[in-house]
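Everything below concerns the one structure shown next.
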Amino acid sequence: MNVRRLFLNPLWLIVALPGYVGLRLLPSLSIGAAEVALGTALLAAACVFIPLSIRARSMKNQRVADGVAWVGFVAMGFVSSLFVLTLLRDVFLLGAALLEGIQHAARLSAPSARWAVALAAFSTLAGLGLARRRPGVVEIDIPVAHLPKALHGFSIVQISDVHVGPTIKRGFVEAVVARVNALKADLIAVTGDLVDGSVQHLAPHTAPLGKLTARHGAYFVTGNHEYYSGERAWTQEFTRLGMTVLKNRHVVLKHDGASLVLAGVTDYGAHHFDPAQRSDPSAALRGAPAGAGAKVLLAHQPSSAPAAADAGFDIQLSGHTHGGQFWPWNLFVRFFQPFTSGLHRLRNLWVYVSRGTGYWGPPNRFGVPSEITRIRLVPA
């Protein structure tokens, strides 16, 4: 038996994590048998609804599928937060036992269990409210060396990781489009993971994207979730909606007499789905004018940054990480990504990573607000 494969099996984790939470917390809550039975039943239900929510889009009845997705994704967020808090509680109790003795740790067992449940419930409910509100606007100035005067203040509005799907529908998309258009950008950059589902099911909900308006238009690059959802069909749909899809290529924009190179690459892992679509920042820049005032790359994943720096880009705009999406997971995402969120420097390359405009899975944005980003180019 492959132990590593067993440990990483998501179905095993879906059962193991709620099981660990139940074994560690329920006996310590000082509640009756009926309450323990109810808690056990709720955790067991989570084990059922969480995997169902991930596969809900394959259900024929869309209303039932959306309902299952809502229940499962909210449960996923609550259980995942409770798991981390339970783990931290166990570390705390171990420290108390080592420092103050086992009896002192035993006295802390019940109150710490109550705090873990209360914090998980609060973060889930508060995060739900934060996730469902219209994203705020984040203003960022990025300095570019030798920036032509005509490009001073050139504005790019970035949206990323909207994840239109079971819990994000047309109304949310319309609100995002209205706020983006109100910013009157020179161009709009959409850095992947727009959808979670097929064109057949989601086209009515992505339709408002056809109203995105900017002086130089709207540009899109694929994220990993486009490949999960039927990338070729979505590329055709986004093109129909008026967005320019950049797959390892660039366009040259003329702005008041100055030129700006805007390039885009396929998702960093696109070659796993289609070897011909391997992400290649160098290919995206090939043939671009050497004297361009600025060279900007749209790349869904921050992992593209080293290759973008080698290719000679000035700026890379990315998403993918969601900034960790919600507490306490935002504390751990930095161990898996080169850049988590915000503006970073890699040699001569500026990398901006959006926290995302929507969310994936759990409708939770506790501690990590979603964003629409307005970027201005300024002289270094």
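Remarks
- Residue identified as open to solvent by 30 Å² or more (accessible area, probe 1.4 Å) and β-branched (Val, Ile, Thr) among VAL221, VAL199, VAL176: VAL199
- Members of the stretch 232-246 found to be among the charged types (D, E, K, R) and buried (at least 16 other Cβ atoms within 10 Å of the Cβ), listed by number: GLU237
- Qualifying positions in the stretch 325-355 - open to solvent by less than 10 Å² (accessible area, probe 1.4 Å) and small (Gly, Ala, Ser): SER354
- Among the residues here, ALA309 does not qualify as at pLDDT 95 or above, crowded, with 23+ Cβ neighbours inside 10 Å and among the aliphatic types (A, V, I, L, M).
- Within the option set THR206, THR191, THR266, being among the polar types (S, T, N, Q), closer than 25 Å to VAL137 by Cα, open to solvent by less than 10 Å² (accessible area, probe 1.4 Å) and in contact with a helix residue (DSSP H, G or I) (Cβ under 7 Å, 6 or more places away or on another chain) holds for one residue only, THR206.
- Within the stretch 325-346, tally of residues that are assigned to a loop (DSSP other than H, G, I, E, B) and either under 18 Å from SER160 (Cβ atoms) or in contact with a Pro (Cβ under 9 Å, 6 or more places away or on another chain) (or both): 8
Let's see how each residue does on (1) over 20 Å from the mean Cα position of the chain (by Cα); (2) of a type in the set (D, E, K, R):
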site: GLY77; (1), (2): no, no
site: THR86; (1), (2): yes, no
site: GLU100; (1), (2): yes, yes
site: TRP115; (1), (2): yes, no
site: LEU125; (1), (2): no, no
site: GLY136; (1), (2): no, no
site: ILE142; (1), (2): yes, no
site: LEU147; (1), (2): yes, no
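- Unmet criterion (only one of (1) among the charged types (D, E, K, R); (2) open to solvent by less than 30 Å² (accessible area, probe 1.4 Å); (3) at positive phi) for LYS184: (2)
- Taking the stretch 145-162 as the range and being on the phi > 0 side of the Ramachandran plot and open to solvent by less than 10 Å² (accessible area, probe 1.4 Å) as the test, only ASP161 passes.
- Residues of the stretch 47-58 include at least one that is open to solvent by 20 Å² or more (accessible area, probe 1.4 Å), in contact with a His (Cβ under 8 Å, 6 or more places away or on another chain) and at pLDDT below 90.
- Residue in the stretch 164-173 that is surrounded by the most Cβ atoms within 10 Å (Cβ to Cβ), counting only those that are over 19 Å from HIS320 (Cβ atoms) and out of contact with any Pro (no Cβ under 8 Å at 6 or more places or on another chain): PRO166
- Test: residue in the stretch 198-215 that is at positive phi, of a type outside the set (Ser, Thr, Tyr) and in contact (Cβ under 8 Å) with a residue 12 or more places away in the chain: no
- Considering (1) on the phi < 0 side of the Ramachandran plot; (2) surrounded by fewer than 18 Cβ atoms within 10 Å (Cβ to Cβ); (3) of a type outside the set (Asp, Glu), the lone condition that GLY358 does not fulfil carries the number (2).
- Where a residue in the stretch 98-113 is under 17 Å from LEU25 (Cα atoms) and free of Cβ contacts under 8 Å to residues at least 24 places away in the same chain and its partner, wherever it lies, is open to solvent by less than 50 Å² (accessible area, probe 1.4 Å) and assigned to a helix (DSSP H, G or I), with Cβ under 6 Å and at least six apart: ALA105/LEU93; ALA105/ALA96; ALA105/ALA97; LEU108/ALA96
- Residue within the stretch 240-249 that is part of a loop (DSSP other than H, G, I, E, B) and at pLDDT below 95 present: no
- Meets criteria (in contact (Cβ under 8 Å) with a residue 60 or more places away in the chain, farther than 17 Å from GLY242 by Cα and polar (S, T, N, Q)) for THR124: yes
- The stretch 183-197, subset under 19 Å from the mean Cα position of the chain (by Cα) and touching a residue at least 40 places away in the same chain (Cβ under 8 Å), residue farthest from ALA284 (Cα to Cα): GLY197
Each row is one residue, and each column tells you yes or no for (1) closer than 26 Å to LYS211 by Cβ; (2) open to solvent by less than 10 Å² (accessible area, probe 1.4 Å); (3) in contact with a strand residue (DSSP E or B) (Cβ under 8 Å, 6 or more places away or on another chain).
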| residue | (1), (2), (3) |
| --- | --- |
| GLY230 | yes, no, no |
| ASN248 | no, no, yes |
| PRO275 | no, no, no |
| ARG278 | no, no, no |
| HIS300 | yes, yes, yes |
| SER304 | no, yes, yes |
| PHE313 | no, yes, yes |
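- Positions within the stretch 102-157 being in contact with a Gly (Cβ under 7 Å, 6 or more places away or on another chain) and over 24 Å from PRO363 (Cα atoms), in sequence order: LEU147, PRO148, ALA150, LEU151
The values are calculated or read from the model by the stated rules, or taken from the named source; none is laboratory data. Computed from a predicted model, the values in this text were never measured in an experiment. With ideal geometry, Cβ positions are generated from the backbone for all residues, glycine too; neighbour counts draw on all protein chains shown. Keep in mind that these areas ignore ligands, DNA and RNA; they rest on the heavy atoms of the full protein, side chains included. Shrake-Rupley method; radii C 1.70, N 1.55, O 1.52, S 1.80 Å.
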